[in-house]
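Okay, so here's the structure we're looking at.
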Amino acid sequence: MGDKRVSLPAKLINGGVAGLVGVTCVFPIDLAKTRLQNQQGVQVYKGMFDCLAKTIRSEGYFGCYRGAAVNLTLVTPEKAIKLAANDVFRQKLSKDGHLPLWGEVLAGCGAGTCQVVVTTPMEMLKIQLQDAGRLAAQRPMAAPSPLAPPGPAPSLVASASQARPARPQRPSATGITVELLKTRGLAGLYRGAGATLMRDVPFSMIYFPLFANLNALGRQRAEGHADVRAPFWQSFVAGCSAGSVAAVAVTPLDVIKTRLQTLQKGEGEDTYRGIVDCTRRIMSREGPSAFLKGAACRALVIAPLFGIAQGVYFLGVGEALLGLLG
């Protein structure tokens with residue numbers, strides 16, 4: 001983040017703080033993204049603002065933060081792994097302090113691969129909690145179903161619970177975790193790991209090189225030594241821009257990942273056997289535009305996250321905390 005020389009411990013603290021602040025700020029938009037991506041038959045929400053308005057009306061303001069506790073708990077180790085891995089790979093691939101573009105791409109690929117260890121269970125739990133409100137809102141609408149196509153295609157894996165009204169209590173992260181571990185073992189928490197990897201690796205391969213190059217623009221004209229630091233506004237804009245581009249670019253992969261990791265389905269909604277089956281069904285039943293559901297939400301989530309990260313790095317929060325502890 002920028003060219004400021006930051007020790008790895010300080011970088012991990014900065015990444016964790018940035019993740020905590022960022023998640024708190026943009027989580028409602030992420031919730032809207034998940035609910036919009038999961039809509040198949042009955043259209044409960046018309047868009048992001050409609051989703052947020054209906055969520056607040058039916059679940060209260062804190063309903064927009066359903067699943068945030070999981071993210072806040074696991075975002076620090078996720079950011080720590082991602083930043084540390086990217087740092088290590090960049091150092092290994094650098095020669096005489098210079099890292100070629102292919103090296104930046106490979107370093108991003110390595111960082112995205114390593115973070116999946118934490119990202120997959122975090123996303124798995126978060127999605128169930130975020131989507132519970134959409135399923136609850138859909139049930140009263142599903143009875144007449146005037147907008148649903150005649151004879152909805154059956155899910156490949158039909159569950160008896162889908163035909164019955166849901167229990168009144170809301171799911172909890174602990175309850176979902178215990179149930180998954182009991183019924184499916186550790187693999188249950190890593191459902192959709194392949195799709196998560198397929199999303200996070202390209203994201204990191206796009207983001208890290210793009211940020212580094214945008215952040216370096218114009219600095220060669222600066223006077224003094226070559227290691228001049230980019231101004232904050234440039235790093236901020238570079239982080240927001242690179243994050244938005246990478247987020248939108250991998251949205252189709254994020255849609256596939258979200259659908260695969262959603263355990264409870266609504267009326268007439270498909271359950272998928274894998275990445276290929278999910279891609280084929282979405283294309284045939286909903287068309288190519290379905291792969292861009294939630295693209296604007298993703299851009300609105302990712303850009304502030306990286307902008308906040310730049311602010312944390314610029315302020316030197318990690319260095320200050322280490323200074324107090326030292």
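The values are calculated or read from the model by the stated rules, or taken from the named source; none is laboratory data. Nothing here was measured: the structure is a model prediction, and the numbers come from that model. Quick reminder, even Gly has a Cβ in these numbers, built from the backbone with ideal geometry, and neighbours come from all protein chains shown. Keep in mind that these areas ignore ligands, DNA and RNA; they rest on the heavy atoms of the full protein, side chains included. Shrake-Rupley method; radii C 1.70, N 1.55, O 1.52, S 1.80 Å.
Values as computed for the structure displayed
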{"quantity": "Mean accessible surface per residue for the stretch 36-149, computed with a 1.4 Å probe while every protein chain stays in place, in Å²", "calculated": "46 Å²"}
{"quantity": "The stretch 3-133, dipole about Cα centre (Lys/Arg Cβ +1, Asp/Glu Cβ -1), debye to the nearest 20", "calculated": "120 debye"}
{"quantity": "Calculated P(r) of the stretch 167-324 - Cα pairs past 26 Å, %", "calculated": "48 percent"}
{"quantity": "Solvent-accessible ranking of 75, 88, largest area first, probe 1.4 Å", "calculated": "88, 75"}
{"quantity": "Rg and Dmax [Cα atoms of the stretch 15-63; Å; Rg one decimal, Dmax integer]", "calculated": "12.5, 39"}
